[in-house]
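Please read the structure below before turning to the comments.
The values are calculated or read from the model by the stated rules, or taken from the named source; none is laboratory data. No experiment lies behind these values; they were computed from the predicted model shown. Here the Cβ positions follow ideal geometry from the backbone for every residue, glycine too, while neighbour counts run over all protein chains shown.
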Amino acid sequence: MIDTSSPKSLVEKTVFPILFALSFSHLLNDTIQSLIPAIYPVIKTNYHLNFSQIGLITLTFQLAASLLQPFVGLYTDKKPQPYSLAIGMGFTLTGLITLSMSQHFYTMLISYVL
């Protein structure tokens, strides 16, 4: 039986579920990031987009992913947020739901930012 009175046993007990949650969330995020370029032919055909609009989608997505990430990292390094993982995945879920219901090009851009 694990002795929960010592701090070391508490740390050993909680590390693996936290690491698993972080790793799984990172896996989901990377999967979604690789999914977006894969659906370019579908959205180009269904929404009658040209290559400039596809490029704008890519630019919007990459700017949001690449430029916001360091600022969020700096902020959370200074002020740790225990629920930031859930909030981040909530933004991703909101973006996917918005993308699935988008009817216009500009709502698609907003969903790619999310």
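So in region 55-71, with the set limited to residues that are in contact (Cβ under 8 Å) with a residue 12 or more places away in the chain, among the hydrophobic types (A, V, I, L, M, F, W, C) and closer than 21 Å to LEU27 by Cα, which one is surrounded by the most Cβ atoms within 10 Å (Cβ to Cβ)? Across region 55-71, the extreme among qualifying residues is PHE61.
Taking only pairs six or more apart or across chains, which ones have beta-carbon atoms under 7 Å, a first residue in region 78-96 that is farther than 15 Å from LEU114 by Cβ, and a second residue that is part of a helix (DSSP H, G or I) and among the aliphatic types (A, V, I, L, M)? The qualifying pairs are LEU85/ALA21; LEU85/LEU22.
I'd like to verify a number: residues in region 61-110 that are in a helix (DSSP H, G or I) and more than 24 Å from SER23 (Cα to Cα), how many?
In the first step, residues of region 61-110 are kept if they are in a helix (DSSP H, G or I); the result is 61-78, 84-101, 105-110.
Among the residues that remain, those that are also more than 24 Å from SER23 (Cα to Cα) are: 98-101, 105-110.
Of the residues in that region, 10 qualify.
The set of residues from region 88-112 being hydrophobic (A, V, I, L, M, F, W, C), surrounded by 11 or more Cβ atoms within 10 Å (Cβ to Cβ) and over 18 Å from THR31 (Cβ atoms) comprises PHE105, MET108, LEU109, ILE110. For residues in region 75-85 being surrounded by 10 or more Cβ atoms within 10 Å (Cβ to Cβ) and farther than 23 Å from ILE110 by Cβ, which is modelled with the highest pLDDT? Filtering region 75-85 for residues that are surrounded by 10 or more Cβ atoms within 10 Å (Cβ to Cβ) and farther than 23 Å from ILE110 by Cβ, the one modelled with the highest pLDDT comes out as THR76. Consider LEU49 carefully, then state whether it is part of a loop (DSSP other than H, G, I, E, B) and either touching a Gly at 6+ places or on another chain (Cβ under 8 Å) or in contact (Cβ under 8 Å) with a residue 40 or more places away in the chain (or both). Yes; evaluated as a whole, the condition is true for this residue.
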